[in-house]
Protein chains: 2
Amino acid sequence: MKKIFSLVAALTFCVASFAQQALWGGSQIVSPEVHEDNTVTFRLLAPDVTTVQVTGDFLPTQKMETPFGTFDGPGTADLTKNEQGVWEYTSDVLAPELYSYTFIVDGVKINDPSNVYMIRDVASVTNVFIIGGDRADLYKVNDVPHGTVARVWYDSPTLGMKRRLTVYTPAGYEDSKDNYPVFYLLHGMGGDEEAWIALGRTAQILDNLIAQGKAVPMIVVMTNGNAAQEAAPGESSLGFQAPSMQQPKTMEGSFELAFPDVINYVDSHYRTIAKKSSRAIAGLSMGGYHSMHISHYYPDKFDYVGLYSAAIMPSNESDCPVYKDIEGQLKTQFVDNTPALYWIAIGNADFLYEANTQYRALLDQKGYKYTYYETGEGHIWKNWRIYLTEFAPLLFK
Amino acid sequence: MKKIFSLVAALTFCVASFAQQALWGGSQIVSPEVHEDNTVTFRLLAPDVTTVQVTGDFLPTQKMETPFGTFDGPGTADLTKNEQGVWEYTSDVLAPELYSYTFIVDGVKINDPSNVYMIRDVASVTNVFIIGGDRADLYKVNDVPHGTVARVWYDSPTLGMKRRLTVYTPAGYEDSKDNYPVFYLLHGMGGDEEAWIALGRTAQILDNLIAQGKAVPMIVVMTNGNAAQEAAPGESSLGFQAPSMQQPKTMEGSFELAFPDVINYVDSHYRTIAKKSSRAIAGLSMGGYHSMHISHYYPDKFDYVGLYSAAIMPSNESDCPVYKDIEGQLKTQFVDNTPALYWIAIGNADFLYEANTQYRALLDQKGYKYTYYETGEGHIWKNWRIYLTEFAPLLFK
């Protein structure tokens, strides 16, 4: 028998398998290398190129000129080449955070071939790394009980299609007989049902907050807010299409109107506490706009509402009932169905800051109670992760 | 009220949001462009570089010299630059298949910045595209009912840790009261519980085969076969470590011995038909080795066994009982617990071809019945996807 099993030496197996299976192999370069002192070294083996830069949100922002005005863009830094043809740059000491970056090689933006960790944000894929400590430890997978993350398809009779959801159920859900509260978490323009679980680190944040006793165990349902779309790019029968910021049927009422289809699916397929006091809705940017409108159009559904950098803006061109008599709807929501928590958060450099300020002025004028949370910076995932870590502990208590 | 909602024009929102949120934006170049005739054009905007090549499994293989011998490696083709600084190459007519590729820019391997679709294979991330037709239509998301894909954590008392599984439940599972058969599907060396769902296209293949009535609805459980590892790289508390081909405790019996922990979890958390006739196990390469050993060590557990390019090789250094008296164990499996199907598949250019031939000779000599399926080519995902599409329809009938 030994003869049968000894034809191939283990070493040969490893090498040949690597050559045939993984095809192009990984680089031997370590990049990024996070040092003890929270500086980070980036490396790229590229002996034959002229310039290598790194760009990302770990660098100070720099002004970016566009035809539509000047915006803060990510900074860049130059790498320098050593004798082995390895380009290298070491950052300053970085604050705890999940950071994104890409290299620019002779003008071409490329991913770091030594770092397999990448996250798509709409039509861009960038490498990521985490500097631990403080709040950023919530973004890590830690040695705590983990929830389940499922991609499920629900029926939306209102939209006339099956659509994809990302659903987080907390650790212990499968072994419990309890019913759980549900938090509906909505993405921004160009995003989809993958956005919050990927860049938002929802599973890690909830696992950690629940393990620390800071949030109650809850189900988190991440929807696709583009009402014409069945699923995230690549996950529907449209195939491997290029993702686009501009989707039809995103801010004209269809998604908001059809939201009970999601709630019905979740309440009939998960052990939920199917009542207002155990239901929350929040979203970033367009998802904040959706959360505002869904919560006033269905005022008896949600006791917790979160507007993260919400896109407070006109919806003039739609005659959808969701947008009719918004002041009347808000009165019904705030006076007759007073939410336990109406939470508005925005960065003070956000281009939607002024619009949110005026929306708060309206609420103030009417005497409608809300909680306001302001951070620095603008319309960025760093802020939305912060808002999730602040908002989730306030729910269902 | 209109005043409140009209501060920000929609256009400004789109542009500014793009600038702030998606940060680096997508390229405007279309690549890859799959034409009607199944040729494919690859493009890269890179006015300031000297050479651009594309390499991938859509090109004829070329010999690759390594210190361990000569192997077939992926071919390369040169792109040519137009006046706008866009490099371009159009392929020959390609056969239906899921293909992987990368660019090589002045010697640096990079992902295509115009293509967000990438799949990790161990330590490498490559872009992918699909040429439809024939069997490759099974690899696409089609307009058919979709199953649920969940990442769940199970308890393995034998290995002393919580470990991660990828579980596919077929369309209709949630709305049914039926019990389902279970197919355990195992990855190769360097892989993990993400391999089959990503490069293997398991969810798409099963969705399509079930919709066509070619496979019965079944649960597919994709395990992590590295017994020292809790989860795929990036999904455990080890953080964003570089993936490695060489993991401890992969082929020394620990994973095989602990396999009942997986079965116990699945049978107690899903509506399964918990008996031999409704249980299958198969794996590729190291996963084929695992499937062979698990199925003879637990001979009353699986009626269907699939060895895909199985790593038939010695396990001399382990004194694990899984590897003791293998001939005796095979006799118990084949004579006393005769499997309904013992299926061996391999490519005729696989470096494990000879080892599999000798294993079959042993089975022949003993009179143990098996089914043999031979393809061309070697130790590659193309073959493993083919084997899955051939094997799944044979199960539980």
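The values are calculated or read from the model by the stated rules, or taken from the named source; none is laboratory data. Predicted model, so just to flag it, every value in this text is computed and none were measured. FYI the Cβ positions are ideal-geometry reconstructions off the backbone, even for glycines, and counts take in every protein chain you see. All accessible areas refer to the heavy atoms of the entire protein, side chains included, with ligands and DNA or RNA removed. Shrake-Rupley method; radii C 1.70, N 1.55, O 1.52, S 1.80 Å.
Among the residues of the stretch B:101-145, what is the count of those that are open to solvent by 30 Å² or more (accessible area, probe 1.4 Å) and either farther than 14 Å from A:ASN111 by Cβ or under 18 Å from the mean Cα position of the chain (by Cα) (or both)?
11
Run down B:PRO314, B:PRO299 and say which single residue is farther than 25 Å from B:PHE71 by Cα and open to solvent by less than 60 Å² (accessible area, probe 1.4 Å).
B:PRO299
Quick check: anything in the stretch A:237-259 open to solvent by 10 Å² or more (accessible area, probe 1.4 Å), at pLDDT 95 or above, in contact with a Phe, Trp or Tyr (Cβ under 8 Å, 6 or more places away or on another chain) and part of a helix (DSSP H, G or I)?
Yes, that holds for at least one residue.
What's the number of the only condition in (1) out of contact with any strand residue (DSSP E or B) (no Cβ under 6 Å at 6 or more places or on another chain); (2) modelled with pLDDT of 95 or more; (3) surrounded by 15 or more Cβ atoms within 10 Å (Cβ to Cβ) that B:LYS369 fails to meet?
(3)
Filter the stretch B:207-219 down to the residues that are open to solvent by less than 10 Å² (accessible area, probe 1.4 Å) and within 14 Å of chain A (Cβ to nearest Cβ), then identify the one that is nearest to B:SER156 (Cα to Cα).
The qualifying residue nearest to B:SER156 (Cα to Cα) is B:ILE219.
Tell me, please, whether a residue that is over 30 Å from A:LEU199 (Cα atoms) and either of a type in the set (D, E, K, R) or under 18 Å from the mean Cα position of the chain (by Cα) (or both) can be found in the stretch B:233-242.
No, the stretch B:233-242 contains no residue that is over 30 Å from A:LEU199 (Cα atoms) and either of a type in the set (D, E, K, R) or under 18 Å from the mean Cα position of the chain (by Cα) (or both).
Given the stretch A:80-192, what strands (runs of 3 or more DSSP E) lie entirely inside it while holding 1 or more residues that are within 13 Å of chain B (Cβ to nearest Cβ) and within 26 Å of B:GLY239 (Cβ to Cβ)?
A:86-90, A:97-105, A:108-110, A:118-121, A:124-131, A:148-156, A:161-169
Looking at the stretch A:71-98, I want the residues that are without any contact (Cβ under 8 Å) to a residue 24 or more places away in the chain and have a partner that is of a type in the set (Phe, Trp, Tyr) with Cβ atoms under 7 Å, at least 6 apart or on another chain. Which pairs are those?
A:THR80/A:TRP87
Taking only the stretch A:29-55 into account, find how many residues are under 14 Å from A:GLY85 (Cα atoms), more than 9 Å from chain B (Cβ to nearest Cβ) and part of a loop (DSSP other than H, G, I, E, B).
1
Identify, please: which residue in the stretch B:182-202 is of a type in the set (A, V, I, L, M, F, W, C) and open to solvent by 10 Å² or more (accessible area, probe 1.4 Å) and is, among those, farthest from B:THR272 (Cα to Cα)?
Selected residue: B:MET189.
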